[in-house]
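Peer 1: Dumping the structure here so I can ask a few things about it.
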Amino acid sequence: MPLHSMLDMMRHAQQNGYGLGYFEAWDTYSMEAVLEAAEEENSPVILGFGGMMLDTKWLDEGGVALMGAIGGHYARKSRVPVSLILNEAQTMEQVVQGIEAGFNTVMLDTSAWEWDDAVEAVAKLVRIAHAKGVVVEAELGRLPDATADGIDDSTAFLTDPDTAAQFVALTGADCLAVSIGNVHLLTSHYAPVDSAHLEAIHSRVSVPLVIHGGTSFPPEAIPHAIAHGVAKFNVGTTLKKAFQEGAQTAISGSQGMSVHDLLGSHKSTDWCIAGKLAMKERVRALIRLYGSGGHASYRKE
Ligand code: 13P
């Protein structure tokens, strides 16, 4: 199936009261977990890779191109509508490489940049991307990060509604990731999300909104978020946890077996296949929470 515009997919999600999931992959096994989950739930889905957790040197020396090639391969064989995002790229060079590598949505993480630099970079990216039919996600506000000791909110700040409207007007970004109390990488409890603040942003910003930190976004806040402009939830950490648990269980039960069956075989004995299956179930559960299942034929609805 050809790639779909993430903006079209988001608009449909908004009109029909559901959210899209972006389930961050990091290799072929995790990419298969996402795609198979979406196909089993008959759901549109955002496929892709993220730049935040990856080694910069690896990314810059062919990593972006490799991820684009992997993502493009799975997108083409998908039976459900997909968009392919290069998420949270750290430099302009990386997003430009991402566009060349076939990602049809890109996001440059300027959340820690000075205002003028962020506006200039995102506006420039929008010009480059739109000339090639590529959608741009931007972010304003800064999420706290969970750390081993708790939550580091020393640099975090909520998205200001008026400033967000100005940012979108100045840059032309297609959608905006917002900070409303959501937290990156948090697994110990749910984040203290400020739903009234989301409403204030939504009343000022007309483009679809995005929630990062999907792992700890409280399930009971999801319907309200969808009703107030959120069209996509980004999920990462809980997927890696599920993969790790699945693989660990397989590793502990594999004494005496051939290493060729355990590593890279893609057979049911493969540790990474066990990880993939566990991750797939977590993605399916999230698709049900976001309500996107059954919307795969959205162009005909
Ligand atoms: P979590 O790892 O907290 O789910 O956040 C992922 C994310 O926001 C990717 O953009």
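The values are calculated or read from the model by the stated rules, or taken from the named source; none is laboratory data. Just so we're clear, the structure is a prediction, and the values are computed from it rather than from any experiment. All Cβ positions, glycine included, derive from the backbone under ideal geometry; neighbour counts span all protein chains shown.
Peer 1: Of everything in the stretch 240-262, what is among the hydrophobic types (A, V, I, L, M, F, W, C) and either in contact with a strand residue (DSSP E or B) (Cβ under 9 Å, 6 or more places away or on another chain) or away from the ligand (no atom under 14 Å from the Cβ) (or both)? Give them in sequence order.
Peer 2: A247, A250, I251, M257, V259, L262
Peer 1: Pairs needed: first member in the stretch 84-95, in contact (Cβ under 8 Å) with a residue 12 or more places away in the chain; second member anywhere, within 11 Å of the ligand (Cβ to nearest atom) and β-branched (V, I, T); C-beta distance under 9 Å; at least 6 residues apart or different chains.
Peer 2: Pairs found: L84/I46; I85/I46; N87/I46.
Peer 1: Also: Out of the stretch 1-35, which residues are modelled with pLDDT of 95 or more and part of a loop (DSSP other than H, G, I, E, B)? Steps first, please.
Peer 2: We begin by selecting, within the stretch 1-35, every residue modelled with pLDDT of 95 or more; these are 3-35.
Passing the criteria: L3, H4, S5, N16, G17, Y18, G19, E24, W26, D27.
Peer 1: Filter the stretch 210-239 for residues that are under 18 Å from D174 (Cβ atoms), in contact with a Lys or Arg (Cβ under 9 Å, 6 or more places away or on another chain) and within 14 Å of the ligand (Cβ to nearest atom) and give the result.
Peer 2: The answer is V210, I211.
So that you can scan it fast, the table gives a plain yes or no per residue for (1) β-branched (V, I, T); (2) touching a residue at least 12 places away in the same chain (Cβ under 8 Å); (3) surrounded by 14 or more Cβ atoms within 10 Å (Cβ to Cβ):
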| site | (1), (2), (3) |
| --- | --- |
| E245 | no, yes, yes |
| Q248 | no, no, yes |
| S254 | no, yes, yes |
| S258 | no, no, no |
| L263 | no, no, no |
| K267 | no, no, no |
| W271 | no, yes, yes |
| L286 | no, yes, yes |
| L289 | no, yes, yes |
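Peer 1: Can you work out which of the residues in the stretch 187-209 that are among the hydrophobic types (A, V, I, L, M, F, W, C), part of a loop (DSSP other than H, G, I, E, B) and more than 9 Å from the ligand (Cβ to nearest atom) is farthest from A25 (Cα to Cα)?
Peer 2: Within the stretch 187-209, the first condition is being among the hydrophobic types (A, V, I, L, M, F, W, C), and the residues that meet it are 191, 193, 196, 198, 200-201, 205, 207, 209.
Filter once more, so that each one left must be part of a loop (DSSP other than H, G, I, E, B): 191, 193, 205, 207.
Now drop any that are not more than 9 Å from the ligand (Cβ to nearest atom), which leaves 193, 205, 207.
On the way: V193: 25, V205: 29, V207: 26 Å.
Filtering first and then ranking leaves V205.
Peer 1: Okay, next question. Just to be sure I understand the filter: pairs with C-beta atoms under 7 Å, separated by 6 or more residues or on different chains, first member in the stretch 142-156 and free of Cβ contacts under 8 Å to residues at least 40 places away in the same chain, second member in a strand (DSSP E or B) and within 14 Å of the ligand (Cβ to nearest atom). Which pairs pass?
Peer 2: These pairs meet every condition: D152/D145; A156/R142.
Peer 1: Could you list, in sequence order, the residues of the stretch 162-179 that are within 13 Å of the ligand (Cβ to nearest atom) and part of a loop (DSSP other than H, G, I, E, B)?
Peer 2: S179
Peer 1: Please work out which one of (1) buried (at least 23 other Cβ atoms within 10 Å of the Cβ); (2) in contact (Cβ under 8 Å) with a residue 60 or more places away in the chain; (3) of a type in the set (A, V, I, L, M) is the condition L3 fails and give its number.
Peer 2: Here L3 meets the rest and fails (1).
Peer 1: Sticking with this structure for a sec: Just to check your reading of the model, which residue among G62, G71, G98 is at pLDDT 95 or above, away from the ligand (no atom under 16 Å from the Cβ) and either crowded, with 19+ Cβ neighbours inside 10 Å or of a type in the set (G, A, S) (or both)?
Peer 2: Values: G71 fails: away from the ligand (no atom under 16 Å from the Cβ); G98 fails: away from the ligand (no atom under 16 Å from the Cβ).
Unique residue meeting the criteria: G62.
Peer 1: Name the single residue, out of those in the stretch 102-130 being touching a Leu at 6+ places or on another chain (Cβ under 8 Å) and not in a helix (DSSP H, G or I), that is farthest from G172 (Cα to Cα).
Peer 2: It comes out as G102.
Peer 1: If A33 passes every condition in (1) buried (at least 19 other Cβ atoms within 10 Å of the Cβ); (2) small (G, A, S); (3) more than 16 Å from the ligand (Cβ to nearest atom); (4) more than 28 Å from H228 (Cβ to Cβ) but one, which one does it miss?
Peer 2: With (1) buried (at least 19 other Cβ atoms within 10 Å of the Cβ); (2) small (G, A, S); (3) more than 16 Å from the ligand (Cβ to nearest atom); (4) more than 28 Å from H228 (Cβ to Cβ) applied to A33, the lone miss is (3).
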